[in-house]
Each structure stands twice: as C-alpha cells, then as structure tokens.
Amino acid sequence: MMRPLFSPLLVVAVALALLIVGGLGEEARAAGVGAGVGMQVPKCRVKTDPILVGAASFLVPGLGQFLNGEDGKGFLHLTVGLALPVALQVGAILISTVSPFTATVLAIASPLIYLAWGVHSALDAYNVHASYCAPAGLVPY
C-alpha cells in the first residue's frame with residue numbers, strides 16, 4: 001500500500017499557519033504599517049532599558065513584543081516559539097522506529113531552534129524598544 005506524500009495533519013497545520021500569517025498581513029496593511037509616512041508606532045507599555053525588554057523576549061519569545069505593545073507580533077513569536085520545538089519533538093517520536101538517526105537529529109535540533117527563535121525575538125524586541133519606547137539617554141547610540 002502506498003503512503004500519502006503529505007499527511008492530512010501536516011496539510012491542516014500549514015493551512016492554519018498561512019491563514020494566521022495572511023490575517024496578520026491584512027491587519028498590518030490596513031493599519032498602514034510599512035507605508036513609510038503613515039507607519040504605525042507601537043503602544044509602549046513600559047518605558048525602561050531596551051536590554052530588559054530584549055531579555056524578557058529571550059526567556060519567553062513574544063513577551064518583549066507584548067511589552068512594546070505589538071500584540072499581534074508577540075502572539076506570533078510565542079506561537080512559533082512553542083510550535084516549532086514541539087513539532088520537532090513529535091516528529092522525532094513518530095519517526096524513531098523507522099529512522100533512529102533522524103529522530104536523534106530532530107531531538108537535538110529542537111532546543112537549538114527554540115534558542116535561535118529566542119535570539120531573534122530578543123533582537124526584534126530590543127530594536128523596536130530602542131527606536132520607539134526607550135526614555136531619552138538610555139539608548140547607547
């Protein structure tokens with residue numbers, strides 16, 4: 001018996017991700033983000049050192065974006081930060097009987113992916129906070 005090329009669960013997950021990203025894109029276009037002169041400025045919830053916001057976003061991806069007032073981006077960072085490692089771990093468990101080496105690679109890649117996403121989230125939160133939310137005199141440039 002021939003196995004399907006893509007599992008139905010994978011197709012549903014990709015479709016859901018495209019709907020989420022597409023919806024956020026429509027919201028951003030409607031708000032005028034990226035339009036240059038009419039760019040939307042984040043609603044800063046805290047006025048503190050950008051390093052603290054970046055550290056918060058490194059520990060919990062998306063937390064720094066929430067603190068910067070970027071709720072949609074914060075939710076997206078949190079969802080990706082949780083979904084990618086979980087998907088890799090589930091894939092490692094499911095494939096472990098067929099290919100133990102691939103399962104080991106996936107299991108090792110899972111925390112590395114989480115770490116890389118945390119770094120990306122922290123840098124984004126730091127840069128946005130430094131540009132829009134930091135009190136005068138705190139940004140070292």
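Points worth noting:
- Test: residue in the stretch 117-124 that is more than 30 Å from residue 45 (Cα to Cα), assigned to a helix (DSSP H, G or I) and among the small types (Gly, Ala, Ser): no
- Sole exception among (1) within 22 Å of residue 135 (Cα to Cα); (2) modelled with pLDDT under 85; (3) not small (Gly, Ala, Ser) for residue 51, by number: (2)
- Flag if residue 53 is surrounded by 14 or more Cβ atoms within 10 Å (Cβ to Cβ) and assigned to a loop (DSSP other than H, G, I, E, B): no
- Scanning the stretch 89-124 for residues that are among the hydroxyl-bearing types (Ser, Thr, Tyr) and over 30 Å from residue 65 (Cα atoms) gives 96, 97, 99, 102, 104.
- Among residues of the stretch 72-96 that are of a type in the set (Lys, Arg) and at pLDDT 90 or above, those with a Cβ under 9 angstrom from a residue that is part of a helix (DSSP H, G or I) and surrounded by fewer than 18 Cβ atoms within 10 Å (Cβ to Cβ), sequence gap 6+ or separate chain, pair up as 73/24.
- The set of residues from the stretch 77-100 being more than 19 Å from the chain's Cα centre (by Cα), surrounded by 15 or more Cβ atoms within 10 Å (Cβ to Cβ) and among the hydrophobic types (A, V, I, L, M, F, W, C) comprises 92, 95.
- Failed condition for residue 37, given (1) of a type outside the set (Asp, Glu); (2) within 19 Å of the chain's Cα centre (by Cα); (3) modelled with pLDDT under 90: (2)
- Residues of the stretch 91-110 that turn out to be of a type outside the set (S, T, N, Q) and in contact with a helix residue (DSSP H, G or I) (Cβ under 7 Å, 6 or more places away or on another chain), as a count: 7
- Among the candidates 105, 21, the residue that is modelled with pLDDT of 70 or more, outside any loop (DSSP other than H, G, I, E, B) and more than 23 Å from residue 134 (Cβ to Cβ) is uniquely 105.
The values are calculated or read from the model by the stated rules, or taken from the named source; none is laboratory data. All values reported here derive from a predicted model rather than from experimental measurement. A quick note on method: Cβ atoms are made from the backbone with ideal geometry, for glycine too, and the neighbour counts reach across all protein chains shown.
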